[in-house]
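What follows is a single structure, written as C-alpha cells, with notes after it.
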Amino acid sequence: MKIYLGVGSNLEPEKNIPQALEELASLGIQVESLSTHYRTEPLVHKENPSFINGIWVLQGYPGNAFDLKKILNHVESKCGRVRSDDPNSSRTLDLDILLMGDYFSPDLLKINFIYVPLLEMNPELILPGQGKLKDLIHPSNKENTSVENMHPLIEFTERIRRMIHE
C-alpha cells in the first residue's frame, strides 16, 4: 500500500526537510518517491516566511495510521517542531498523512500545494469514494488559492531525490 505524506516547513526548510528524510530512514521508513517541492506563501499569516511544500510516497509501511502519525510527530519534534494552538503558525516541519488505505485528508482537494504535486505524481490515483484525482475539481476553482503563488524548486527537489536513491 502506498502512503502519501504532505511535507512542509517555513522555518529553515532547506535544513529541516532533508533532516526529516534522514530521520524517517533511521527509523526504517523509506520514501519511495517524491513530488516537485514548491515555495508557497502562507495561507493565513501572510507576514510569516514562505513555505516549502511537497508530497512524499512511502511504500510498504507495516503499521496503521495511528502508529505512523506517532512516528511522524516524533520526527517533527526531532526537527525542532513546537506545537502551538494556532494551526497556521510557522513551523520547522509539518508531516501529514494525506492518503493511506481508505483514508484521505479533506485538505487534499482544497489546497493547491497538496493537490498539484499529487496530480503531478499520479493523476490516475483513485481517492476512496471520490474517483480519479485528475477528474476532480481543481482547488483553484473552489477557493482563494492559486498555482501562480507556487514556485517550483527544481534544484532543491533534485537534492532530496538524490537522498532517497543513496
Compactness index (Cα Rg / 2.2 N^0.38 Å), the chain = 0.98
inquiry  = Please compute the contact order of the chain in relative form: average sequence separation of alpha-carbon pairs under 8 Å and at least six residues apart, divided by the residue count, as a percent.
reply    = 31
remark   = The percentage of the accessible area of the chain (probe 1.4 Å, all protein chains present) made up of carbon and sulfur atoms, to the nearest whole number, is 52
message = Looking at the calculated P(r) for the stretch 13-90, what percent of the C-alpha pair distances fall above 17 Å?
response = 54
ask   = How high is the relative contact order of the stretch 37-123, in percent, with contacts defined as C-alpha pairs under 8 Å that are six or more residues apart?
value = 27
Around P123: net Lys/Arg minus Asp/Glu count, Cβ-Cβ under 14 Å = -1
request  = At a temperature of 10 °C and a viscosity of 1.306 mPa s, determine how fast the stretch 60-121 diffuses translationally according to Stokes-Einstein, using the Kirkwood radius over alpha-carbon pairs as Rh; express D in µm²/s, rounded to the nearest whole number.
outcome  = 120
key: Relative contact order for the stretch 4-86, counting Cα pairs under 8 Å that sit 6 or more residues apart, in percent   = 36
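The values are calculated or read from the model by the stated rules, or taken from the named source; none is laboratory data. None of these values were measured; they are calculated from a predicted model. Positions of Cβ are backbone-derived with ideal geometry, glycine not excepted, and every protein chain shown enters the neighbour counts. Heavy atoms of the whole protein, side chains included, go into the accessibility calculation; ligands, DNA and RNA do not. Shrake-Rupley method; radii C 1.70, N 1.55, O 1.52, S 1.80 Å.
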